[in-house]
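To start, the structure under review is shown below, and the notes come after it.
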Amino acid sequence: MNLFSIQKNFNTKTKCIRHLEQVRWDGERVCPHCENRQVYPRSGRKFYYHCNNCNRDFTVLYGTIFEGTKLSLPKWFMLIGMMLNARKGISAMEIHRHLGVTYKTAWYSAMRVRCAMVDQADMLEGIVEMDEAYIGGKPRKRNIRIPDNKAALSNLTLEKDKPKRGRGTKKIGVVGIVEREGKKRVSLEIPNRINGKEMLRLLRKYVNEEKAIMITDGANFYDKFDKEIQHLIINHKERYVDGIIHTNTIEGFWSIIKNGIRGEYHVLSKKYLPFYLAEFSYKYNRRSKEGKLTAFEDTIENAVSDDKCLVEYKPKGDVHEIAYGKKSREEMVSERLFELLRIENPTKNQEKETDYYYDLFMAYEEKAKNKRKQKKKSLYKDGGIIHCHKMLGYANELGITPNIKEHDSIAECSDCGYEFSYDSRKSHLQWECPKCKALHYL
């Protein structure tokens with residue numbers, strides 16, 4: 001929605017309140033304190049309602065990003081429209097100049113809107129690209145002054161040594177997963193560390209492994225993907241595009257983020273970076289023609305349905321949990337265990353705590369391993385045989401050569417559990433397990 005339409009439809013507080021009531025309650029008012037539906041308009045107080053059950057007054061703004069604000073609602077609606085239309089973001093100083101508010105109010109209001117943009121998207125499917133980026137500015141050249149009468153041979157070696165970039169620096173690592181076709185969505189997260197285990201966790205969290213093909217670069221922490229999903233690799237040392245195998249989609253998204261930070265925000269703190277990333281991903285997921293038409297209504301709906309995440313200019317809780325959801329028990333155990341293992345001279349209590357968390361960690365690992373085995377066995381049908389049409393048809397449609405041949409089938413021995421592939425054209429009545437030599441009939 002453009003700014004002219006927002007100014008025309010929501011130029012008064014009454015229009016804004018009525019629209020918020022329609023979006024939040026849809027004609028049936030509900031008390032936000034006790035969820036009672038027997039509420040009545042409060043006499044003498046405009047826009048207020050009274051609940052007979054808990055005997056409390058409330059408005060439609062209670063528990064939303066608009067609660068307790070002194071900024072007029074028409075300006076709030078104008079701010080949301082400005083942020084949605086700015087593809088690479090809008091700074092608080094620019095909001096301050098356009099809306100005629102202080103810089104502090106502009107920053108706080110924009111951050112509240114970003115909280116409403118925290119979007120829990122569905123699982124990604126189809127061709128999916130995954131890559132990591134490092135945010136934190138470019139390294140600067142050293143200012144080395146050498147006298148005119150001194151040989152500068154040592155300086156020649158310094159010119160050749162380029163400053164380190166990306167992995168191994170103090171920059172913030174961000175992992176992104178983008179869907180190339182279909183809804184063309186993107187999911188972002190700032191992991192605690194970038195390694196194989198974290199990448200595997202993000203894969204299971206954001207990608208539907210049964211309906212997706214993953215494309216990554218040749219980084220070694222993607223090696224474990226081969227056991228989880230159909231995995232294609234593009235080696236950037238040799239080429240950047242090999243047919244449909246490339247990561248240019250996610251690279252293009254990284255350029256939007258970095259250009260936005262460099263051109264609009266200039267400086268960001270690590271603490272609030274998840275909110276800015278949520279804004280970029282929210283607008284990217286609604287960049288289509290249909291998405292742009294519903295982006296304003298989606299943001300208003302999120303603004304009145306979600307609890308406010310900032311109180312007195314500070315996050316209500318952990319920023320990572322607000323942006324990406326609460327951590328699971330397994331993640332908290334693994335994080336605490338790695339913290340204890342990094343202690344050089346632990347005390348006796350810390351050693352006991354380490355043993356306790358290690359046992360929990362191993363128990364969770366064993367549970368996850370058994371779960372993966374059950375998931376794998378559930379793919380097999382009728383005596384342990386399934387024709388590999390699952391990824392084959394999709395791969396042929398995309399012009400990809402899969403790891404499984406067209407006439408191959410996967411078999412699992414019910415005696416020893418050994419898995420192997422065989423040519424279904426040659427085996428019509430029975431097949432033999434290569435490990436235990438047991439015969440199984442079709």
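Considering only Cα-Cα distances, which of the following residue pairs are longer than 18 Å: K13/K70; K138/K170; K104/K258?
K104/K258
For region 209-279, what is the convex hull (Cα atoms) projected area averaged across all directions, in square nanometres?
That works out to 6.7 nm².
Using mean Cβ contacts within 10 Å as the protection proxy, how do 214-227, 340-353 order, highest first?
214-227, 340-353
What distance in nm separates the two pseudo spin-label positions at R204 and T294, each 7 Å out from Cα along the beta-carbon direction?
Inter-label distance under the simple model: 3.1 nm.
Which trypsin sites (Lys or Arg not before Pro) does region 16-53 hold that lie in a coil by DSSP with at most 16 other beta carbons within 10 Å?
R37, R42, R45, K46
Rg and Dmax in Å for region 1-148, alpha carbons only: what are they?
22.3, 87
Can you sort S281, S288, S43 so the residue with the fewest Cβ neighbours within 10 Å comes first?
By the 10 Å Cβ count, ascending: S43, S288, S281.
Would you mind estimating how fast region 329-370 diffuses translationally, via Stokes-Einstein at 37 °C and 0.692 mPa s with the Kirkwood radius over Cα pairs, in µm²/s?
My calculation gives 310 µm²/s for D.
Label-point separation (nm) for R56 and T169, each offset 7 Å from Cα along Cα-to-Cβ?
4.9
Just so you know, all these numbers are worked out from the coordinates, no wet-lab data involved. Please read all numbers here as calculations on a predicted model, not as lab measurements. Because the Cβ atoms are built from the backbone with ideal geometry, glycine has one as well, and the counts that use them run over all protein chains shown.
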